[in-house]
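What follows is a short report on a single structure.
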Amino acid sequence: MTSMEVEIISRETIKPSTPTLPHHGTYHLSFLEQINPRTYTPVVYFYPKEESDSDHNPNFGDKSNQLKKSLSETLAKYYPFSGRIRDRVSIDCNDEGVIFVEARIKVKLSEILEHPKDEVLDLLFTDNLQWNDDSNLTVILAVQVSFFDCGGMAIGICMSHKVADTSTMINFINDWAAITRDHKADQYVSPEFIAATVFPQGEIPLLPQSVIDKGDYVSKRFVFAAPKVAALKAMVCDKVQNPSKVEVVTAFIHRCAISALKSNSGSLLNPSTLLIQTVNLRGRMVPPLPKSSVGSMVWFYAVPTAEDESVIELHDLVSQMKERMAHFCVTYAEKFGKEWPLIFMECMKDSRKLFQKQNLVVYRCSSWCRFPVYEADFGWGKPIWVTIASCVMKNSIFLIDTRNGEGIEAHVNLEKQHMDVFERDAELLAFASLNPSANIDYNM
């Protein structure tokens, strides 16, 4: 790929189409949101040139204006998003607006898709907000719309995790797309702001905010095509009932990461490991919360592995994941709706025990699979690729569906010395491709 030139055409602040009502002037955050950092989660959507666009006069201006108008209308529905983070517990819904940047990219979209590079993808987000957790930042949402020489485009979005988890972010983007595509959709967009009611602070002491651990870490993208995911399932299905694709791919990556750790553990003697898997609480509670619930409504369950295990079987890891998930849901999540915050305090007490081992190495996995990320049709078709910016969080695994919904794109972050071993693991490479073209048919 030739060096990519980015020309910023305009920078605006988009305000909601109607003012926020006075009684909504302060938006109170839930307890789960109060302990979140302000980290900006980055996602970028790629769209090819429309057949109706002229080669010499692509419809950039019209598309940009459509996006700004519909964004303004969407913000009127999601009124806290155009406000500012006031403090740890609240949003000032002052309608100051969100950042909207329009850029021209002096390269063809096909070049980016054929050879995805982190340093190039980072240019598709504004103000270097991707994964930024600066406590002084108060804006909640920032958008960069980038138009390529070929007529294609990318929409890069950074949203503060303080206010939104993956479910909320994807719902917002899809609602924005629907309103752009069909203005009548405006009447069907009804986000529900219930997080602070469902998860109040109550008697729970305010916990320290989590901090992104940064250092000499490396992030790599691996793609598990649909047949490889099926093969991983086949490896464990005789000993594990109905393994999901997320379970088998997460367990497989975790096992390879442990192998890399133990082959190059340095001063750590017999390190023990812990896998932290995030859980969307909406469908796990009794009664379940609406999918349109706005906020950060995720917690986690932990899967420990013994430090003296010389060989970790894949089916054992998948079984442990299923057992820990079932235990978390039955013991805690299903009771959150009726017995919060007492049950949450018990959950925290139980979790702390797992973090008290010596020489403990923690891995974190967040799955975006099954979220409708490829449904964002703004009126010019669905995206041909959706991905995140290179992850900076220590020992993290991010999973997202491939376009066909059957494969998995995994972004893995490890300490450099461990990634050097991990990315050359023969078993890993038998099932996953290292940073392949985004144009590949992942059914093959």
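The values are calculated or read from the model by the stated rules, or taken from the named source; none is laboratory data. These figures come from a predicted structure and were not determined experimentally. When we count neighbours, we look across all protein chains shown, and the Cβ atoms used for this are built from the backbone with ideal geometry, even at glycine. Accessible surface areas use protein heavy atoms only, side chains included; no ligands, DNA or RNA. Shrake-Rupley method; radii C 1.70, N 1.55, O 1.52, S 1.80 Å.
Values for this structure:
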| read-out | value |
| --- | --- |
| Any hit, segment 110-121, residues being modelled with pLDDT under 95, in contact with a Gly (Cβ under 9 Å, 6 or more places away or on another chain) and small (Gly, Ala, Ser) | yes |
| From GLU102, GLU96, GLU111, residue being open to solvent by 30 Å² or more (accessible area, probe 1.4 Å), over 30 Å from GLN201 (Cβ atoms), out of contact with any His (no Cβ under 7 Å at 6 or more places or on another chain) and of a type in the set (Asp, Glu) | GLU111 |
| Residues within segment 149-163 that are in contact with a helix residue (DSSP H, G or I) (Cβ under 6 Å, 6 or more places away or on another chain) and in a strand (DSSP E or B), tallied | 3 |
| Of residues in segment 164-199 being more than 23 Å from ASP377 (Cβ to Cβ) and out of contact with any helix residue (DSSP H, G or I) (no Cβ under 6 Å at 6 or more places or on another chain), the one surrounded by the most Cβ atoms within 10 Å (Cβ to Cβ) | ALA195 |
| Odd one out for PHE60, checked against (1) of a type in the set (A, V, I, L, M, F, W, C); (2) open to solvent by 10 Å² or more (accessible area, probe 1.4 Å); (3) modelled with pLDDT of 95 or more | (3) |
| Residue ID - most open to solvent (accessible area, probe 1.4 Å), chosen from residues in segment 148-162 that are of a type in the set (A, V, I, L, M, F, W, C) and at pLDDT below 95 | CYS150 |
| Top-ranked residue in segment 119-139 [being touching a residue at least 12 places away in the same chain (Cβ under 8 Å) and surrounded by fewer than 15 Cβ atoms within 10 Å (Cβ to Cβ); ranked as farthest from GLU5 (Cα to Cα)] | SER135 |
| Within segment 334-351, tally of residues that are more than 16 Å from VAL303 (Cβ to Cβ) and open to solvent by less than 20 Å² (accessible area, probe 1.4 Å) | 3 |
| Test result for GLY295, under 20 Å from the mean Cα position of the chain (by Cα) and surrounded by fewer than 17 Cβ atoms within 10 Å (Cβ to Cβ) | no |
| Residue among LYS262, LYS228, LYS220 that alone is of a type in the set (Lys, Arg), over 30 Å from LYS162 (Cβ atoms) and modelled with pLDDT of 95 or more | LYS228 |
| Residue identified as farther than 29 Å from SER70 by Cα, surrounded by 15 or more Cβ atoms within 10 Å (Cβ to Cβ) and of a type in the set (A, V, I, L, M, F, W, C) among PHE398, PHE355 | PHE398 |
| Neighbours by Cβ (under 9 Å, 6+ apart or cross-chain): first from segment 78-93, crowded, with 23+ Cβ neighbours inside 10 Å; second acidic (Asp, Glu) and assigned to a loop (DSSP other than H, G, I, E, B) | SER82/ASP95; SER82/GLU96; GLY83/ASP95; GLY83/GLU96 |
| Residue satisfying all of: in segment 406-429; small (Gly, Ala, Ser) and open to solvent by less than 30 Å² (accessible area, probe 1.4 Å); nearest to CYS158 (Cα to Cα) among these | ALA410 |
| Identity of the residue in segment 224-257, open to solvent by 30 Å² or more (accessible area, probe 1.4 Å) and among the small types (Gly, Ala, Ser), that ends up nearest to PHE371 (Cα to Cα) | SER244 |
| Residue within segment 341-353 that is of a type in the set (D, E, K, R) and in contact (Cβ under 8 Å) with a residue 60 or more places away in the chain present | no |
| Spans of strands (runs of 3 or more DSSP E) in segment 62-148 with at least 1 residues touching an Asp or Glu at 6+ places or on another chain (Cβ under 8 Å) and over 23 Å from ALA195 (Cβ atoms) | 98-105, 141-148 |
